[in-house]
Each structure stands twice: as C-alpha cells, then as structure tokens.
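Trainee: Pasting a structure below so you can have a look.
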Amino acid sequence: MSDISPVARPERGTDTGALARLGQVAVLPVGAALRLLDPPMQWLQRVIGARRMAYVFLLPNFVFFGLFVFLPIGINVVFSVTGGTALFPSQRPYVGGEQFAYLFDCGSYLDPSTCREDHFWRGVANTAKFVVFQVTAMVLFSLITALVLNMKIRGRGFFRAVYFFPVLLSPVVVALIWKWILQRDGLLNAAITTLGGQKILFFVDPSWAMFWAVFVSVWAHMGFYTLILLAGLQAIPADLYEAAEMDATPRWRVLIRITLPLLWPNMIVVIVLALIKGAQTFDEVFVLTGGGPGTATLMVVQYIYETAFSSQVQNFGLAAAASVVLGVVLFVLTLLQFAAARRKEV
Amino acid sequence: MRAVTPIITSFALSLIAAIAFGGPAAAETTTLRMAWYSDGNEGEVMADLLKRFNEQNKDIEIVLDQVPYKAINENLPMQLASGQGPDMARIVDMGGLSRYALDMRPLLKDPGYWETNFGPFLEWMRTAGDTKAIPGFMTQLTVTGAFVNKTLFEQAGIAMPGEKASWEDWAKAVKEVAGKVQAPFPLALDRSGHRFYALAVSQGTQLFSANGEPDVVDEGFKRAAQLVYDWHKSGIMSKELWGSVSGTAYRGANDEFKNAQVVMYLSGSWQTSQFAKTIGNAFDWVAVPNPCGPGGCSSMPGGAGLVAFKTTQHPKEVARVMEYLASEPVLAEFYSRSLFVPGHLGLAKKGIDYPTASPEAAVALKTFTASAAGISPIAYRAQGYGNSRIIFNAAISRLGQAVSGETTLEDAYKRITADVAQQIAERNKK
C-alpha cells in the first residue's frame, strides 16, 4: 500500500484533476487551522447564542474601520476646534468654532473675494464648476461608449479593454502624461505648429486650464463608469428589443423608451459616484495645473492639503474645519447614493 | 539523530562566538540619520565626506537620506513636530525650524571657532531672543543674481547693460533681444518670495516699521510689485512662471534657461553648478550681479544650513559629526567641489579654489562672491527674520493672483497684509 495520502496522490488523467488535487493540498493547512478554531467558536456560540455570533464575525471589520476611518474622523473633528501649529491635540489650544467662523466669514458666498478666507471659497466655486462639467461629460461619454461597446462590433473585447485601461493608471501618471502633451513644447503644440497654427499656452489661460482638468479626469475615469453602464445594458432583457424589432420601432425610440428607462438605476449610481469622486478631486488636477493659473483650478481638497501641510504656518485647525465641511457635503452625497441604490432594489 | 547533533553544536558555537566577539562591537556603533536635498552635486560630495568620516570613526555610521527639496520644506517639519525627525538635516527655513534645533555649545570642543566663522549666520538658526545657541553651520551661502544668455545678446547684436544697470535697463534690453531672436522668455524671475525680495530690496522696501514689527507693503514693495505686474502685461515676463500655478508653489526657469529660451534669468548662486554641467558648450552664459534700483543693488542672501535637532538620541555623536564637517579643510573641500559660495567667514576671506569649475562657472562664482560683500542690512534682516517665509509666501501667492488677472494689485496688497497678520497670530497661538 502506498504511503501517499489519497488527497496528495497525483491523479492520472486530466490536468484539471491534478490541479484540483494540488489546490486541495495547498489549502490543507488553512483547513487545519480553521478546525482549531472550532471548539472555541462552538463554546462562544453556546455562551452568547447563535444570533449574536454575527457580531463576533463583524468585529474584525469594526475594529479595522474604527481604527482607520472613525478614529481619524474623530481626530479631525478635534483638530477643527483647536488652533495653533502644534501637532499633538493635547498641545493645541481649544478655540471652539473659531475656525469655522473664519471660514464662513463672507460678504457674499457667491463672491469669494468678499470672504476672509477667499482661497477656500475659490476652491469651493472651482470644485462646484468642475463637478458640474465633469459629471455631465462623464455620464454622457460613458453612456455613449457603453452603448457602442454593447453593440456587436468587430474587436469589441479589444475596445472594452482600451477604454478601461486608463482606470488602471495612477492619477499622477495620468496627469504627468497629459502635462507632457499639453505644455508649451508638448505633443499637442507640436501638432498645432506643424499644421501652421500658433502655440497655445494651455496652463496660462483659466478656461483652457479648467477644460483640460475636466477632460483629463473624464479620460482617466470614464472606463469605470462605462463598465457600470455596460453591465446595466447587458441586464436588459433581450426579448424587449426583439418585441420592439417586430413592431419596427425606430432605433432612437428604442433608446428613449426601453434602454434609458431600464438603465436609469445604473445611471443614478454613476451620477452619484461621479459627484462624490468629483468633489474629492485632488491628485490629477494638482499635478496637471498646480491649481493655477492664479487659483483658477484650485480645488477644495488642494486648499485643505496646502493649508495643513505646504503653507509656512501649518494650520491644521483651519484645514480640519474645511475637511469637516467637505465631509458633510460628501455625507449628503453618499446618502443620495444609498437612496438611489434602494430605489434600484425596489 | 547523530547526523543532526554536529550541525546543532556548530550552530550554537557560531552563535556564541558572534555574541562574544561581534556583539559588543556592533552594539557600540551609533547610527545617525541625515536628511539632505541637493541642487547640484553636493549630495555626492557629502556622501564622500561622510564615508571618510566613517573610516576614521568606526563607532558612528551616518545614513544619508537624500530627499527632494519639497520634502525638506513640507515633510521634515511634520517629522520634527512628531519627534520622529532625523538627527541632522540640511534645511533652508532655518528660522522656522529653529525651535527644533539642538544647541550644541556644551558638546563642541571649540564653540569659539563656530562663533568666529559662522557668527552672522547662526542668528538665522536661533529662536527669537536667543543670542548664543549654536545649532549648525552653513553648507552654502547663496546670493541672488541673474544668469544671462550671452549668445542671445550677441546674436541680436545688442550690448549687455553694464555694471550697476537698473532693472528697467535690463528689462528694456532683454525685451529687444527676445524680440530679435524669438526667445519666449525675455526675463524670468523664479516664482519665489525670496527672489521677489531681491527686486523689492533694490526698490527700497524696508520690511519692518519703526517699532520692529513687519510692515510689508511699503512704497518699495509696491514699486517692485508694479514692475512685476507691468512686465507680465508687456510680455517681458511670461505668465508661464508666475501665472501658471497657484498659492505658494515654487516655479523656476532652469529648464527654460538651459534650453536657451530665457534671455535673463534671475535666480541665484546655487544654480551655478548645474548650469555649468548641463549647458556645457551649448551657449555662452554669464552671471551678473543683482540689478539696481532706488534702494541700491543688494542681492538677497540666503542659503542652506546643516542643523542638528534636539530630538536626537545621540547628541554627542551628532556634535562629533558636525565638528568634522564644519572643520576648515573639510568644509573648504565641500564648497570647492560643490561650487558653492562659502558660508564660513574664514574661508570666504581666504578664498576658495574651484578647480573643477568651468570657465563660466568660475566667473559666476567670482561675481556672486563679490555680490555677497554688498548685501544690505535690510536684506540680511529680511532673511534672518523668523517669520520671513510667511511674508515671502504671502507675497508670491497674492502677486501670482494679480499677475494671472484674478485680482488687482491693490487687492493683493490688502490680502498680503491680512495673510501675514493672520499666520503670525496662528503661529503664536499657545
């Protein structure tokens, strides 16, 4: 009799059988370790009851979130009611709502130049502008791309990969590539001058700078949203289209009456996710334009970063207060996303 | 089992031998960390010097962390505030970080040597009111000055303005040259508050009121700001430097100058080494002293200091390293190989040989060394003031907005005054 255990014994025949056996061998130690946990877990279940066991399994995640999400949020709130430049909260003087009062000290919220902390409000205005243009463009182009990629075209798999590829790139890499393309002696200006045009200083003109900030952001993230919409499109029952075809319904009418209404729940998710991501924009725009020209592309998160870390007086209190304000806005947007998701489920 | 026994025995013996002979020696080695940024080749030179120190002092090992300039300005203050900083660092904001600096006086063999040779610069490293601490030494003294593309002037057939020429003379000349040779940047001024003050001091700014408090926006300051504003309007300065980024972001024109796109580049002596290396024979360039104005022709002094921090666990060893590096022969070699203007009074008096310098670099260093002798007291005071960087940053941030057309100069003046007051108040909050 062989001394190789039945599990470890290689099976003659198909390769998949051999691989499956190999996998079983590989997980043996894990199984053994988990079996060690059986007695204490059974004991715990007897003590606290089966219903409460769910909390035991959720505990590791709670600890993780507590340490890395809720604790930093709490520390941030503490910083927002303190002043000075000391790093540790215990060394910082309590100033109450002074930082918030400073942030909100404005003649008119629609005119940043009347605000005491004008850079924050310029950041708010730029972020709002960015979000409106970016989300509109993102939804529109993602939808068009998803519709095209859902059609039976040649090389569909290739194009799906191509559109998704930028999502895999680091935002800093994306911004550096586009900066190289857009600078004075960049690729785009080289093309323009070759065609007989004049060089355009894209990063000196506020409108061009904002345009490229939006464009690059859409280019980089569109693949992700396209994927969500594509999944939605593929979930639409084919018999609806077949019925429309039998009725000789025009294609535009199919789009308006069947595709878009059934895709709407996915669209809501895309809109809300893009809104949240747009409001948090920092890295790409920071590397691409540095917030300039002037403060034309300065976003709220860049303002927070600069106030806390790169300004001469590292004003953690003011930056934390601005973070709290941004956090509240993002929280509202997240609630919207939840509401939209629930509606989708219903 | 018999086969295994000799293996275990020899392993145990090796372990005992390692503990007995290697252990104590290893335990005696002190490891120090030095954070360092470079403009040119000074990191390589420092690495050589530290290697030599280590050969002579086997008990001290120094890890040289070469980091970007941005990390020194943004990350190092955070590290120091949290008590996790390096033992030593090459820094520029000496006043801002003075509260973390170690007073090495009790640890130095000859504090008098330091007082004699680094005296005026030690003030930059001390906290307000302190007149005695010795926290470090200058790895370089810098002076602002301009680099001029001589070849472009020759191609345009226009004579370069002479010594003591005013800013306006230079602005007129570089505009003519740029027009003739189609250079996109007639005049480039680093987007830096420090460099702006090279212009402002020459325009007569006083920076402080009679009671010693900062009074930033005076007539001299306004004259300088107006010049920068007008130069952008007239195309003498391109908006690509001052107008293309926001806030306090630094933007230099090194690459543009190296690519012969800039006729005149106001920067400073620290660029000499890299220009000498990267421009090579591509074109002829010269360094000229700071142009003049109603307030004189003073350059802005500056520089970087190697400073020890009080969070170090090994102050004695840190002092030994600092003494070695600050000693006259070692520092002379450092300045000489790095092509730096010496921040050591004794060496400055004797003069430094720069055998590795190209002819252009040698002339430039001579020009900058001569400029250092003519620095005005206001310029020294501006550099040494503990909150100077608050002022520099407020100026650059707000003037940048005016240049890009976002605000008027008058608005910028009001904002600069408010920013400076607010940030100093925040810094003083206890």
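Trainee: Defining a contact as two alpha carbons under 8 Å apart and six or more residues distant in sequence, what relative contact order in percent does chain B show?
Mentor: Details: 736 pairs, mean separation 102.1, N = 430.
Computed value for chain B: 24 percent relative contact order.
Trainee: Something else now. Averaged across A:85-93, how many Cβ atoms of other chains sit within 10 Å of each residue's Cβ atom?
Mentor: Values: counts 8, 3, 7, 3, 0, 0, 2, 2, 2.
Partner Cβ neighbours, averaged per residue: 3.
Trainee: Is the shape of the protein assembly as shown best called rounded, prolate or oblate, per the rule: a/c under 1.5 gives rounded, else a/b larger than b/c gives prolate, else oblate, with a ≥ b ≥ c the square roots of the Cα gyration tensor eigenvalues?
Mentor: Note, shape of the protein assembly as shown comes out oblate.
Trainee: Below 8 Å between Cα atoms, with a sequence gap of 6+, how large is the relative contact order for segment A:102-166 in percent?
Mentor: Working: 29 pairs, mean separation 9.9, N = 65.
So the answer I get is 15 percent.
Trainee: Among all lysine pairs in chain A that are eight or more places apart or on different chains, how many have alpha carbons less than 27 angstrom apart? Let's see the in-between values first.
Mentor: Details: A:LYS129/A:LYS179; A:LYS129/A:LYS199; A:LYS129/A:LYS277; A:LYS179/A:LYS199; A:LYS179/A:LYS277; A:LYS277/A:LYS344.
So the count of such lysine pairs works out to 6.
Trainee: Once you have a ≥ b ≥ c as the square roots of the Cα gyration tensor eigenvalues for chain B, tell me rounded if a/c is under 1.5, and otherwise prolate or oblate according to whether a/b is larger than b/c.
Mentor: Working: a/c = 2.11, a/b = 1.72, b/c = 1.22.
Because a/c hits 1.5 or more and a/b exceeds b/c, chain B counts as prolate.
Trainee: Within 10 Å of each Cβ of B:237-245, how many other protein chain Cβ atoms are there on average? All intermediate terms of the calculation are to be shown ahead of the outcome.
Mentor: Values: counts 0, 3, 7, 7, 1, 3, 9, 14, 11.
Partner Cβ neighbours, averaged per residue: 6.
Trainee: Can you give the local net charge around A:ASP105? Use residues other than it whose beta-carbon is closer than 10 angstrom to its beta-carbon, Lys and Arg +1, Asp and Glu -1.
Mentor: On the way: positive: A:ARG116; negative: A:GLU117.
Local net charge: 0.
Trainee: Which length gain, in nm to one decimal place, applies between A:ALA26 and A:ALA161 when the Cα-Cα distance is subtracted from 0.36 nm times their residue separation?
Mentor: Numbers: separation 135, 0.36 × 135 = 48.60 nm, distance 3.27 nm.
Contour length minus the Cα-Cα distance gives 45.3 nm.
Trainee: Ok, one more. Report the full-extension gain for the segment B:SER166 to B:THR131: residue separation times 0.36 nm, less the Cα-Cα distance, to one decimal in nm. Numbers along the way, then the final one.
Mentor: On the way: separation 35, 0.36 × 35 = 12.60 nm, distance 3.72 nm.
Value of the extension gain: 8.9 nm.
Trainee: Mind jotting down the distance between the C-alpha centroids of segment B:46-96 and segment A:14-74, whole Å?
Mentor: So the separation of the two Cα centres works out to 45 Å.
Trainee: Could you sort the peptides A:36-48, B:225-237, B:188-200 by per-residue average Cβ neighbour count (10 Å cutoff), highest mean leading?
Mentor: Values: A:36-48: 10.3, B:225-237: 18.3, B:188-200: 25.5.
My ranking of the peptides, most packed first, is B:188-200, B:225-237, A:36-48.
Trainee: Whole Å is fine, so just give me how far the alpha carbon centre of segment B:283-344 lies from that of segment A:275-293.
Mentor: If you average the Cα positions of each part, the centres end up 37 Å apart.
Trainee: Can you give the FRET efficiency to the nearest 0.05 for A:VAL172 and B:ASP65, using r as the Cβ-Cβ distance and R₀ = 30 Å? Let's see the in-between values first.
Mentor: Working: r = 22 Å, r/R0 = 0.73.
Efficiency, from the Cβ-Cβ distance: 0.85.
Trainee: Report the net charge of residues surrounding B:ALA81, where surrounding means a beta-carbon distance below 14 angstrom and charges are Lys +1, Arg +1, Asp -1, Glu -1. Walk me through the numbers before you get to the answer.
Mentor: Working: positive: A:ARG92, B:ARG99, B:LYS310, B:ARG427; negative: B:GLU74, B:ASP93.
Here the count lands on +2.
Trainee: Sticking with this structure for a sec: What FRET efficiency comes out for B:LYS316 versus B:ASN41 if R0 is 22 angstrom and r is the Cβ-Cβ distance? Round to the nearest 0.05.
Mentor: Working: r = 31 Å, r/R0 = 1.39.
Given R0 = 22 Å and the Cβ-Cβ separation, E is 0.10.
Trainee: Right, something else. Of the DSSP beta bridges with both residues in chain B, give the percent that are antiparallel, rounding to the nearest 5.
Mentor: Details: 25 of 39 bridges.
Antiparallel bridges: around 65 percent, rounded to the nearest 5.
Trainee: Could you compute the FRET efficiency for B:LYS180 and B:LYS150, with r as their C-beta to C-beta distance and R0 at 22 Å, rounded to 0.05?
Mentor: Details: r = 15 Å, r/R0 = 0.66.
That pair, B:LYS180 with B:LYS150, gives E of 0.90.
Trainee: Using the structure shown, select from B:LYS70/B:LYS429; B:LYS222/B:LYS414; B:LYS172/B:LYS233 the pairs with a Cα to Cα distance greater than 18 angstrom. Please list the in-between numbers first.
Mentor: Values: B:LYS70/B:LYS429 26 Å; B:LYS222/B:LYS414 12 Å; B:LYS172/B:LYS233 14 Å.
Cα-Cα > 18 Å for B:LYS70/B:LYS429; rest within.
Trainee: Once you average over the residues of A:116-126, how many Cβ atoms of partner chains fall within 10 Å of each Cβ? Could you put the intermediate results ahead of the total?
Mentor: Details: counts 2, 2, 7, 6, 0, 0, 3, 1, 0, 0, 0.
Per-residue shielding by partner chains comes out at 2.
Trainee: Something else: So what is the calculated 222 nm ellipticity per residue for chain B, using -39500 (n - 2.57) for each DSSP H run with n of 4 or more, over all residues, to the nearest 500 deg cm²/dmol? Provide the component values of the computation, followed by the final result.
Mentor: On the way: 19 runs with 216 residues, N = 430.
Per the formula, -15500 deg cm²/dmol.
Trainee: Next up: Once you have a ≥ b ≥ c as the square roots of the Cα gyration tensor eigenvalues for segment B:279-404, tell me rounded if a/c is under 1.5, and otherwise prolate or oblate according to whether a/b is larger than b/c.
Mentor: Oblate.
Trainee: So how do A:196-208, B:75-87, B:399-411 stack up, highest first, on mean other-Cβ count within 10 Å?
Mentor: Highest to lowest by the protection proxy: B:399-411, B:75-87, A:196-208.
Trainee: Just need the relative contact order of chain A here, percent rounded to a whole number, with Cα pairs under 8 Å and 6+ apart. Please list the in-between numbers first.
Mentor: Values: 353 pairs, mean separation 77.5, N = 346.
The value is 22 percent.
None of the figures in this text is laboratory data; all of them are computed from the coordinates on show. Note that the coordinates shown come from a computational prediction; the quantities given were computed from them, not determined experimentally. As a convention, Cβ positions derive from the backbone with ideal geometry for all residues, glycine included, and neighbour counts pool all protein chains shown.
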